[in-house]
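The values are calculated or read from the model by the stated rules, or taken from the named source; none is laboratory data. The shown structure was predicted, so the numbers you read here are calculated from the model rather than taken from an experiment. Remember, those area values only see protein heavy atoms, side chains included, never the ligands or the DNA or RNA. Shrake-Rupley method; radii C 1.70, N 1.55, O 1.52, S 1.80 Å.
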Amino acid sequence: NELKSIFPNQNIHFIPQNVHIKEYQESREHVTTLMHPNHSVMDESIAMALWFAAKASTSRVLMVGMGADEQFGGYTRHATRFRREGYQGLLVELQLDVDRISTRNLGRDDRVISDCSVEARYPFLDEQVVQFSCHLPLSQKMTAAGENKWIVRESLRRLGFSASLAATTKRAIQFGARTAKIQQALIDA
């Protein structure tokens, strides 16, 4: 609803997708084959969430937020490193994530999404955004008070999104989509 109010002339659709555990199980082997060589429980829960999102898409393009956390300090480990070692430690941790994003995430995500005849778009990995991020002072990625992804949050505020949305705590896709919960249910069964 906020996207529609900020960009009233854009054709924006929210398509809720409820996946039954049986459908999850029936798709699991296929999706884990697509995500190869990635094979962790986390990889699977992310891949399953993206695959079902792409499968439900009525558009040819799926926007994926990959890259925001890796470049702008969105993970808990970034805040931990920052508390322990300051901005120098944060810089090292961010560089680790940026260096491995192509092997750790993009291949898996692209294979899973394109399997559904949908193309992934990664606005945070656009060349101009990455260049901007590389030249951005670390204090605009994580404030001295430890507010992560500061510039992303500030951009949302300035675009007119609600303060509560801009301050929302990060929730990983596998938890927001509840694929991690389905996996746990399968393990417990």
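I'd like the Karplus ³J(HN,Hα) series for the range 115-120: coefficients 6.51, -1.76, 1.60, θ = phi - 60°, whole numbers in Hz, and an x wherever there's a Gly or Pro.
My calculation for the range 115-120 gives 4, 9, 6, 10, 9, 8 Hz in order.
Add -39500 (n - 2.57) for each DSSP H run of 4 or more in the chain, then divide by its residues: what number comes out at 222 nm, to the nearest 500 deg cm²/dmol? Walk me through the numbers on the way to the answer.
Details: 11 runs with 111 residues, N = 189.
My calculation for the chain gives -17500 deg cm²/dmol from helical runs alone.
For the range 158-174, in order, what is each residue's ³J(HN,Hα) by Karplus, 6.51 cos²θ - 1.76 cosθ + 1.60 with θ = phi - 60°, in whole Hz (x at glycine and Pro)?
Coupling constants for the range 158-174: 5, 6, x, 6, 5, 4, 5, 5, 5, 9, 4, 6, 4, 10, 4, 3, 5 Hz.
Over the chain, what is the relative contact order in percent, taking alpha-carbon pairs closer than 8 angstrom and at least six residues apart? Before the final figure, lay out each step's value.
Values: 180 pairs, mean separation 52.0, N = 189.
Reported as a whole number, the value is 28 percent.
Quick one: grab the alpha carbon gyration tensor of the range 78-138, order the square roots of its eigenvalues as a ≥ b ≥ c, and give me rounded if a/c is under 1.5, else prolate or oblate depending on whether a/b is larger than b/c. Before the final figure, lay out the partial values.
Details: a/c = 3.59, a/b = 1.98, b/c = 1.81.
Note, shape of the range 78-138 comes out prolate.
Determine, for the chain, the count of lysine pairs separated by eight or more sequence positions (or lying on different chains) whose alpha-carbon distance falls under 21 Å.
Lysine pair count for the chain: 7.
Please list the radius of gyration and Dmax for the range 96-169, considering alpha-carbon atoms only, with Å as the unit.
Over the range 96-169's Cα set, Rg and Dmax evaluate to 15.0, 44 Å.
Once ligands and nucleic acids are excluded and a 1.4 Å probe is used, how much of Val41 is accessible, expressed in Å² to the nearest 10?
100
What ³J(HN,Hα) values, in whole Hz, does the Karplus curve 6.51 cos²θ - 1.76 cosθ + 1.60 give for the range 56-69 when θ = phi - 60°, with x put for Gly and Pro?
7, 5, 9, 10, 8, 10, 10, 7, 10, x, 3, x, 5, 5
Would you mind listing how long the chain runs along its three principal axes, going by Cα atoms, in whole Å with the largest first?
47, 41, 30
With all protein chains present, how much of the accessible area of the chain (probe radius 1.4 Å) comes from carbon and sulfur, to the nearest whole percent?
On the way: 6330 of 11650 Å².
Summing carbon and sulfur atoms, their accessible area is 54 percent of the total for the chain.
So what's the angle, to the nearest 10 degrees on a 0 to 90 scale, between helix 76-101 and the longest Cα principal axis of the chain?
Roughly 50 degrees, rounded to the nearest 10.
Could you calculate the contour length gain from Asn9 to Met42, that is, 0.36 nm times the residue separation minus the distance between their Cα atoms, to one decimal place in nm? It would help to have the intermediate numbers written out before the result.
Details: separation 33, 0.36 × 33 = 11.88 nm, distance 3.69 nm.
Gain on extension, Asn9 to Met42, equals 8.2 nm.
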